[in-house]
1. Considering only residues that are aliphatic (A, V, I, L, M), touching a Ser or Thr at 6+ places or on another chain (Cβ under 8 Å), open to solvent by less than 40 Å² (accessible area, probe 1.4 Å) and part of a helix (DSSP H, G or I), which ones fall in region 56-97?
2. Could you go through region 13-26 and let me know if any residue there is closer than 22 Å to Ala93 by Cβ and open to solvent by less than 10 Å² (accessible area, probe 1.4 Å).
3. If you scan region 110-144, which residues turn out to be among the basic types (Lys, Arg) and modelled with pLDDT under 80?
4. Conditions first: (1) in contact with a helix residue (DSSP H, G or I) (Cβ under 7 Å, 6 or more places away or on another chain); (2) open to solvent by 50 Å² or more (accessible area, probe 1.4 Å). Arg200 passes all but one, so which condition is the exception?
5. Please go through (1) surrounded by 14 or more Cβ atoms within 10 Å (Cβ to Cβ); (2) farther than 24 Å from Leu15 by Cβ; (3) modelled with pLDDT of 80 or more; (4) charged (D, E, K, R) for Arg174 and return the number of the only condition it doesn't satisfy.
6. With the requirement that a residue be surrounded by fewer than 11 Cβ atoms within 10 Å (Cβ to Cβ) and modelled with pLDDT under 80, what does region 158-168 give you?
7. From the list Phe65, Phe88, Phe71, exactly one residue is more than 23 Å from Val235 (Cα to Cα) and touching a Leu at 6+ places or on another chain (Cβ under 7 Å). Which is it?
8. Looking at the structure I just gave you, is Leu21 in a helix (DSSP H, G or I), within 28 Å of Arg217 (Cβ to Cβ) and out of contact with any Phe, Trp or Tyr (no Cβ under 6 Å at 6 or more places or on another chain)?
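The values are calculated or read from the model by the stated rules, or taken from the named source; none is laboratory data. None of these values were measured; they are calculated from a predicted model. Cβ placement follows ideal geometry from the backbone for every residue including glycine, while neighbour counts extend to all protein chains displayed. In case anyone asks, the SASA skips ligands and DNA or RNA and just uses the protein heavy atoms, side chains included. Shrake-Rupley method; radii C 1.70, N 1.55, O 1.52, S 1.80 Å.
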Amino acid sequence: MTLAYTPGATLAHRLDPRTKLAFQAAFALAAFAHTTPLGLVLLTGLTVAVGVTAALSPRETAREFRVVLPFLLLGPVVEGATLGAPWFVPADAVGPALASYRVVLVLVVSAAYVRTTPVRESRAAVEWVVPGKPGRALGLGVGLTFRYVAVFRNDLRRAREAMRARLGDRLPVRERIRLVAVAGLGRAFDRSDRLAVAMRARCLSWNPTLPRLRFGRRDGPVFALSGVLLAWAVVPLA
C-alpha cells in the first residue's frame, strides 16, 4: 500500500523527517508558483527522482489516487467544452490541465513521504517545528490521521469485498455505494468510540516518548535543494 509507511532501506527512508517535510513544502510552493510547461517539466524530473529514491511503484501510486484522478482529468474537459461549435476549445483547457498535472506531482511527492516515514517520526518532526502544547496537539492529530486513514481505507476495502462475495456487484451502482458507505461509516464510528475509550484509559499523555531525530550528512543536499526550490518559488527564474 503506497499511502502507508513501508519499512525499507532506500535513501528516502534514511532521511530525517524534518528534511522531508521541508522538501515537501518547498516543492509544493515551487509547483504552485511555476505552473508553466517549463516549470512542470523541471518539477517532473525532480518528482521522478523522488519516486526512485523512495522506491515508489507508479502502478500502486496511481491505484491509490484513483479516486482523485478522474476529477483532475474532468477539470480541463469541462473548462474546454462549449455549448456550441466547435464544442471544445483546446486553448481554454491548457491552464486547468497544467494545474491538474501540478496537483499530481505534489501528490506523488506526498506519497513518497508517507511511504518512507514512520508515524512516530512524523509526529516528532511536527512537534519540533511547532513547539509547546499546540505542537503536541498538532502532532497527536497528525499521528492519529495517518493511522486512522489507512485503517478506514482497509475497512472500506473489506466492505466492498464482502459485498462482492454476496453478489452485491450485481446491484445498481447507487445501491452499492449506499451499502459500502453505510458499512464504512458504521465501522468508522465504532473505531472512533474504541479509540476514545483507549485514549481515556491511557490518560492521553501530552508528553510521550518520541524517537530522537538527528540530521545526517545525506540531509544536507536535500535541505540545499529545498532552499533552491523555495528561492525559485519566491523569485521566479523561469
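1. Leu72
2. First pass over region 13-26, keeping only residues closer than 22 Å to Ala93 by Cβ: none.
Checking region 13-26: not a single residue is closer than 22 Å to Ala93 by Cβ and open to solvent by less than 10 Å² (accessible area, probe 1.4 Å).
3. Here is the first cut: in region 110-144, the ones among the basic types (Lys, Arg) are 115, 120, 123, 133, 136.
Hits for region 110-144 are Lys133, Arg136.
4. If we test Arg200 against (1) in contact with a helix residue (DSSP H, G or I) (Cβ under 7 Å, 6 or more places away or on another chain); (2) open to solvent by 50 Å² or more (accessible area, probe 1.4 Å), just (1) comes out false.
5. Only one criterion in (1) surrounded by 14 or more Cβ atoms within 10 Å (Cβ to Cβ); (2) farther than 24 Å from Leu15 by Cβ; (3) modelled with pLDDT of 80 or more; (4) charged (D, E, K, R) is unmet by Arg174, namely (1).
6. Once the filter is applied, which keeps residues that are surrounded by fewer than 11 Cβ atoms within 10 Å (Cβ to Cβ) and modelled with pLDDT under 80, region 158-168 yields only Leu167.
7. Numbers: Phe88 fails: touching a Leu at 6+ places or on another chain (Cβ under 7 Å); Phe71 fails: touching a Leu at 6+ places or on another chain (Cβ under 7 Å).
Step by step, each of Phe65, Phe88, Phe71 is checked, and only Phe65 is more than 23 Å from Val235 (Cα to Cα) and touching a Leu at 6+ places or on another chain (Cβ under 7 Å).
8. Details: in a helix (DSSP H, G or I): yes; within 28 Å of Arg217 (Cβ to Cβ): yes; out of contact with any Phe, Trp or Tyr (no Cβ under 6 Å at 6 or more places or on another chain): yes.
Yes, satisfied.
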